[in-house]
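See structure below.
The values are calculated or read from the model by the stated rules, or taken from the named source; none is laboratory data. Keep in mind it's a predicted model, so treat the numbers as computed, not measured. Note that we place each Cβ from the backbone using ideal geometry, even for glycine, and neighbour counts take in every protein chain shown.
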Ligand code: UD2
């Protein structure tokens, strides 16, 4: 496999690059380094790094030359930013997506896997959510990802392009920048712990999420590239945890009580989220099996080191 990873210097991208190199794939990264970092990537004879943008057709044409597969992760990934700057978000997440799709078609790549998101569902109609449940996006970001899914379907039926959208749930793990506007609650909480500050919980903390460790996500991405599954597929553990439960696990890991401050629940916050993961197991043969306690321990060690 010769894989182009767009957004390969980012959080999920860099872990996916590592997983691909591990199985002996040749990898080319295309990243504009707006949020991705070169230091996230190893130096490796099978890895080439290009600085460029998915909004620039020339950059993509150049990047896609000779590759057999595309893992498209480059995106404007902040729900909040998409609400504040919908035009910019649309340019990156829809126009940029179509640029990559069209490059995949023109260069007749064997397979493209791209990042979709649980954000397409908005407030879930029922739990756990299945891939064929109706989508009701409640942010431009969610809408853009849903449009990506429709484009991919259309390119599959019109041009027989082999494609799969991977719908990530709440991904956590090393290299998720806690200061970025799209940082997840776990990286924020660990940052608060590092700063010896109390944890801020929006609402009563009973909200639940399917927290999935980034190495499992990278494993799913590799399996998705190797499979011929089409449509969309959840990437999640199948088990959801409340925030209070997560804080309890963090507290046990570091061996002391954590101070918690409650603030009003945020507008648009979803109370519960849970994923069906049958397609992930059956079509991709993947289980996101890192125990929550182990994932948190790895992350704590990475961030706090000896301070933990
Ligand atoms: C996740 C995704 C988002 C989108 C959405 C779709 C992440 C980081 N975000 O948003 O991109 O796909 O799912 O449903 O994966 N919270 C606190 N204190 C904090 C920060 C957060 O209490 O300091 C709460 C927050 O109000 C929410 C929960 O923690 O109830 C999870 O928040 P999040 O931002 O990690 O993820 P989520 O599910 O809102």
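If you filter region 194-228 down to residues that are farther than 16 Å from residue 251 by Cβ and surrounded by fewer than 17 Cβ atoms within 10 Å (Cβ to Cβ), you find that the one that is nearest to the chain's Cα centre (by Cα) is 226. Being out of contact with any strand residue (DSSP E or B) (no Cβ under 6 Å at 6 or more places or on another chain), surrounded by fewer than 21 Cβ atoms within 10 Å (Cβ to Cβ) and farther than 26 Å from residue 3 by Cα holds for only one residue in 124, 140, 128, and it is 124.
Working only within region 271-288, note down all residues that are in contact with a helix residue (DSSP H, G or I) (Cβ under 7 Å, 6 or more places away or on another chain) and surrounded by fewer than 16 Cβ atoms within 10 Å (Cβ to Cβ). Hits for region 271-288 are 285, 287. For region 145-171, the candidate set comprises residues that are within 21 Å of residue 209 (Cβ to Cβ) and assigned to a helix (DSSP H, G or I); within that set, the residue that is farthest from the ligand (Cβ to nearest atom) is 146.
So for region 49-70 (the condition being under 27 Å from residue 147 (Cβ atoms), within 16 Å of the ligand (Cβ to nearest atom) and in the same structural domain as residue 144 (by TED's automatic domain parsing)), does at least one residue qualify? No.
Suppose the filter is more than 30 Å from residue 162 (Cβ to Cβ), surrounded by 12 or more Cβ atoms within 10 Å (Cβ to Cβ) and either in the same structural domain as residue 71 (by TED's automatic domain parsing) or in contact with a strand residue (DSSP E or B) (Cβ under 9 Å, 6 or more places away or on another chain) (or both); does residue 241 pass it? Quick ask: steps written out before the conclusion?
Working: more than 30 Å from residue 162 (Cβ to Cβ): yes; surrounded by 12 or more Cβ atoms within 10 Å (Cβ to Cβ): yes; either in the same structural domain as residue 71 (by TED's automatic domain parsing) or in contact with a strand residue (DSSP E or B) (Cβ under 9 Å, 6 or more places away or on another chain) (or both): yes.
Against the criterion (more than 30 Å from residue 162 (Cβ to Cβ), surrounded by 12 or more Cβ atoms within 10 Å (Cβ to Cβ) and either in the same structural domain as residue 71 (by TED's automatic domain parsing) or in contact with a strand residue (DSSP E or B) (Cβ under 9 Å, 6 or more places away or on another chain) (or both)), residue 241 qualifies.
Condition check for residue 174 on (1) more than 8 Å from the ligand (Cβ to nearest atom); (2) over 30 Å from residue 98 (Cβ atoms); (3) under 20 Å from the mean Cα position of the chain (by Cα); (4) surrounded by fewer than 17 Cβ atoms within 10 Å (Cβ to Cβ): one failure, at (4).
When each of 142, 122 is tested for being assigned by TED's automatic domain parsing to the domain that holds residue 155, within 13 Å of the ligand (Cβ to nearest atom) and at positive phi, the lone residue that passes is 122. Of everything listed in (1) surrounded by 23 or more Cβ atoms within 10 Å (Cβ to Cβ); (2) assigned to a helix (DSSP H, G or I); (3) within 13 Å of the ligand (Cβ to nearest atom), the single unmet condition for residue 191 is (1).
Residue-level check: of (1) touching a strand residue (DSSP E or B) at 6+ places or on another chain (Cβ under 7 Å); (2) within 21 Å of residue 234 (Cβ to Cβ), residue 100 misses just (2).
Listed here are the residues, each with its yes/no results for (1) outside the structural domain of residue 107 (by TED's automatic domain parsing); (2) within 21 Å of residue 145 (Cβ to Cβ).
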| residue | (1), (2) |
| --- | --- |
| 184 | yes, yes |
| 202 | yes, no |
| 221 | no, yes |
| 253 | yes, no |
| 269 | yes, yes |
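Considering region 194-216, the residues that are within 20 Å of residue 116 (Cβ to Cβ) and part of a strand (DSSP E or B) include one that is nearest to the ligand (Cβ to nearest atom), namely 209.
Quick one: which of 232, 217, 212 is in contact (Cβ under 8 Å) with a residue 40 or more places away in the chain, touching a strand residue (DSSP E or B) at 6+ places or on another chain (Cβ under 6 Å) and farther than 23 Å from residue 190 by Cα?
232
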